[in-house]
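J.: My structure is below; once you've seen it, I'll send some questions.
A short reminder: the numbers here are calculations on the coordinates, not readings from a lab. Here the structure is a predicted model, which is why all the values come from computation and not from measurement. All Cβ positions, glycine included, derive from the backbone under ideal geometry; neighbour counts span all protein chains shown.
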Amino acid sequence: MTAALAMVFAVGCTQQPERVDAAPPAPTGKQTLPARAVYNPPAKFDTQAGVLMPWEASSGLLSVGGTWLGDSKIPVALHEDKAYVATLDRLLAFNTTTGSLTATITPTADAMSVLSKDDRNNAAPPVVTPGADPLVLAPFFVRRPGVGTQAATNFIELTATNASSDKVDWRLPLALPSWTKDGSPRTVEVTPVVWTL
């Protein structure tokens, strides 16, 4: 079963163009456009120049021959020079220029599944929000143990990590619907919904 969480983002409105009653004056003389940098697309790639992604990015998702298994999602989102790798128990921020891990984000409660080397990474890819201050959204299926008279609780913890600082801006606990309490395997996925106003 898959529990889907829909996030809503609003895109800024544009102003209506001003009405023009008269035709613009005809151009006089030679018109010049501002200079613009032009780049040729790469003709080949240097396979020795790249950096290796963390093992979590492809754990259990490659065949013996090294091809991607067709039924699996790539648990990675790219933003500028960073790759964000999701697992069921952590989110990794990875600098693709230097090859260094810049942050590991974990939920505040115990993750229901922990990814070990050679396990299949069944996490859905994280989502990077649009805008001037983008966030990386990653959900975790977690369990908070019982305390006193309170029973143990399963819930989804949605984390929003600032893409500039790699610090968690906020966390949102989400209650699970009753049909998820049967103990069957689950995954959680963030699905972005964009509305234009």
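J.: Compute the Kirkwood hydrodynamic radius of region 48-185, taking the inverse of the mean of 1/r over all pairs of distinct Cα atoms, and give it in Å to one decimal.
T.: 16.2 Å
J.: Please state the relative contact order of region 48-185 as a whole percent: Cα pairs under 8 Å, 6+ residues apart?
T.: 18 percent
J.: Moving to a separate point now. If you rank 119, 89, 81 by fewest surrounding Cβ atoms within 10 Å, what's the result?
T.: Final ranking by Cβ density, sparse to dense: 81, 119, 89.
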